[in-house]
1. If you check A111 against the conditions, is it within 30 Å of R11 (Cα to Cα) and at pLDDT 85 or above?
2. When both residues are 6+ apart or on different chains and their Cβ atoms are under 8 Å apart, which pairs have a first residue that lies in region 131-155 and is in a loop (DSSP other than H, G, I, E, B), and a second that is β-branched (V, I, T)?
3. Scan region 7-23 for residues that are within 22 Å of the chain's Cα centre (by Cα) and surrounded by fewer than 20 Cβ atoms within 10 Å (Cβ to Cβ) and jot them down.
4. Restricting to region 69-113, what's the tally of residues that are hydroxyl-bearing (S, T, Y) and over 16 Å from the mean Cα position of the chain (by Cα)?
Amino acid sequence: MALVHYCPACREEFRPDIETCSDCGGTLVPHDDAAPPPHDDGEADGPEALEGDLATVVRVDRALYLDPLIERLAGNHVLARVDRHGNEFSLVVAAAELGSVRELLADLLPAVPDLQGHVPDGHPEGFDPEAGAYTTCPACNEPLRGHAECPACGLALGAPEEEGGA
């Protein structure tokens, strides 16, 4: 019987050579493909187990940054899940537990590269979510007028434009 890897958060199976879940970025665990996937009684049955008002603890651009946080929460029997929004990943908990979760993770959160300027319940000032770009510079509040670099302070806010060749 061949071993396969299994994501405890998403309950998905992967080939044995894959070590990270492509859906949530969690660490996969090996299990026998002939047996049902491991499931601990009393733990969440998946993302649908976390219901009601939810709050974002942190939002990152790589799910692997959330691994130490998820491990700490799981070790303390705190229900959480990872939501994917395009190229961003959010660690989500029950809103009523947000304060205690932040206390529990206080020593780990400073090491997590939170998306700069991200406000979990909204968008940073000067950011237009529909356009997916800043309208004013987050450093000096100068209007950007469609530029990828702030004309006042020079802060680069996007990928550099390709230079045309002759």
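1. In short, no.
2. E142/T136; L144/T135; L144/T136
3. Matches in region 7-23: C10, R11, E12, E13, F14, I18, E19, T20, S22, D23.
4. So the count comes out to 1.
The values are calculated or read from the model by the stated rules, or taken from the named source; none is laboratory data. As the structure is a prediction and not an experimental result, all values here were calculated from the model. Note: ideal-geometry Cβ built from the backbone for every residue, glycine included; neighbour counts use all protein chains shown.
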